[in-house]
Amino acid sequence: MTKCLSLPFCSVVHQGRDSITMEPVAVKEIDLTASVDTASLYKTEVKALRRLPGHKNLPTLVGNCKSSTTAQIVMSFYPYPTLQSLLDSRGGISQNEALYILRQLVRNCLSSHNAFSGDHWT
């Protein structure tokens, strides 16, 4: 692990490298003792990552493992800034850029909805 990327209430995300491919990865470590729901959240998140359609803007599941106290989810890592940091650094965007971002968000939401709808959950 090289650096901490975020610190939510029951998990922390680190940036690291896959030991085999040497590709950058994000490793989410979940504290399963933090609350009763964290174990079910871990299972739901792994299922969701497995179901996400392949898209350059969506993370892919590399692997996962679990012990009695922690769970790790290894995902692809994209070293790009967040949308908020991009907007803050540029002081705003044009109407065309806003429309482009909105289209990408809607397209990703529709793709994700199709992946998660109905009897796809097994």
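No lab work stands behind these numbers, since they all come straight from the coordinates. Every value quoted in this text rests on a predicted model; they were computed, and no experiment measured them. Here the Cβ is made from the backbone with ideal geometry for all residues, glycine too, and neighbour counts use every protein chain on show.
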Here, GLN15 and LEU83, labelled 7 Å along Cα→Cβ, have an inter-label distance in nm of 2.1 nm
Ordered by fewest other Cβ atoms within 10 Å, a rough proxy for footprinting exposure, ARG90, ARG51 read ARG90, ARG51
